[in-house]
1. If I ask for residues that are of a type outside the set (A, V, I, L, M, F, W, C), assigned to a loop (DSSP other than H, G, I, E, B) and under 26 Å from the mean Cα position of the chain (by Cα), which ones from the range 204-232 would you list?
2. If I filter the range 111-127 for residues that are among the hydroxyl-bearing types (Ser, Thr, Tyr), surrounded by fewer than 17 Cβ atoms within 10 Å (Cβ to Cβ) and either within 19 Å of the chain's Cα centre (by Cα) or assigned by TED's automatic domain parsing to the domain that holds Phe180 (or both), do I get at least one hit?
3. Against the condition assigned by TED's automatic domain parsing to the domain that holds Ser90 and either part of a helix (DSSP H, G or I) or within 30 Å of Arg217 (Cα to Cα) (or both), how does Ala165 come out, does it pass?
4. For the condition crowded, with 16+ Cβ neighbours inside 10 Å, among the hydrophobic types (A, V, I, L, M, F, W, C) and not assigned by TED's automatic domain parsing to the domain that holds Val225, what is the one hit in Trp153, Trp144?
5. Is it fair to say Gly196 is within 30 Å of Trp70 (Cα to Cα) and touching a helix residue (DSSP H, G or I) at 6+ places or on another chain (Cβ under 8 Å)?
6. Test each condition in (1) surrounded by fewer than 13 Cβ atoms within 10 Å (Cβ to Cβ); (2) closer than 28 Å to Arg124 by Cα; (3) free of Cβ contacts under 8 Å to residues at least 24 places away in the same chain for Gly242 and report the one that comes out false.
Amino acid sequence: MKVKNRLLLMVISYVLLVSSVAAATPVQQLQEANQAYQDGRFEQAISQYEAILDEGYSSVALYHNLGNAWYRVGQPGKAALYYHRGLELSPGDGGLQDNLAVIRAGFADPISPLPEFFLKRWWRFTKSIFGINGWAIIGLLLLWGGFAGLWRWRTAPQREQRKKAFIAGVVVLLLAVLPFVLALDGMGTNDRSQKGVIVAGTPNLYEAADTRSAVIRPVPPGAAVLVIDQIGEWVKVRLENGETGWLTRDQFEKV
């Protein structure tokens, strides 16, 4: 019996040890990649950062550092791609926005972003605070709180208590609507997300889905595009300055 107990303890200890090592691995890899970056070994840092991403780990800092490493090796398109991916997690990150501004400043033909309506910016930022799951959980908690208030309204012995419970229940139920709307809109945004970045070359933006049509402008690496239509391998995109035209799907990478 003692042997069996000892064996069981050894198995449990081994599982816990393996789990703790596996959990620490991304952190250790990130530290090693950061050290490689600080030492000027940018290509090694890129390889290590991307290996962390391949394991399913991501963060604003990881995307920021990876973008910086690509910029250091002369790849502004790749750098912009990861800056934009970081902004998907934290839309208000000033460091990422400043780095994108540096890349845009290097365009031979400027592409200045149109100013974003402040309510749209606020809504996008609010969605990112807790994410889809977080807002859904908050909505469920408020929903249960509202039902609890209505239940109290039905069961409270005094009229004044019932009145307060009814008002509180209705108010909390109304408040539950906002988190659910934020969660649903976040899900819809993920499904509709067609934002991309030109990562290499300087493809031409055409007036129609045909290389024989007029060229609107060349699009530099690092420029962001938003897909608004598609015909076969051709996609109609909108640049950050509002210009629209056609590119082929292989000329940009999805954010």
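1. Step one: filter the range 204-232 for residues of a type outside the set (A, V, I, L, M, F, W, C), giving 204, 206-207, 210-213, 217-218, 220-222, 229-230, 232.
When the remaining residues are screened for being assigned to a loop (DSSP other than H, G, I, E, B), the result is 207, 210-213, 220-222, 232.
Result: Pro220, Pro221, Gly222.
2. First, the residues of the range 111-127 that are among the hydroxyl-bearing types (Ser, Thr, Tyr): 112, 126.
Those left that are additionally surrounded by fewer than 17 Cβ atoms within 10 Å (Cβ to Cβ): 112, 126.
Narrowing the set further to residues that are either within 19 Å of the chain's Cα centre (by Cα) or assigned by TED's automatic domain parsing to the domain that holds Phe180 (or both) leaves 126.
Scanning the range 111-127, I find at least one residue that is among the hydroxyl-bearing types (Ser, Thr, Tyr), surrounded by fewer than 17 Cβ atoms within 10 Å (Cβ to Cβ) and either within 19 Å of the chain's Cα centre (by Cα) or assigned by TED's automatic domain parsing to the domain that holds Phe180 (or both), so the answer is yes.
3. Values: assigned by TED's automatic domain parsing to the domain that holds Ser90: no; either part of a helix (DSSP H, G or I) or within 30 Å of Arg217 (Cα to Cα) (or both): yes.
No; evaluated as a whole, the condition is false for this residue.
4. Exactly one residue qualifies, and that residue is Trp153.
5. Numbers: within 30 Å of Trp70 (Cα to Cα): yes; touching a helix residue (DSSP H, G or I) at 6+ places or on another chain (Cβ under 8 Å): no.
Criteria not met by Gly196.
6. For Gly242, the failing item is (3).
The values are calculated or read from the model by the stated rules, or taken from the named source; none is laboratory data. Keep in mind it's a predicted model, so treat the numbers as computed, not measured. Cβ sites come from the backbone with ideal geometry, for glycine too, and all protein chains shown count toward neighbours.
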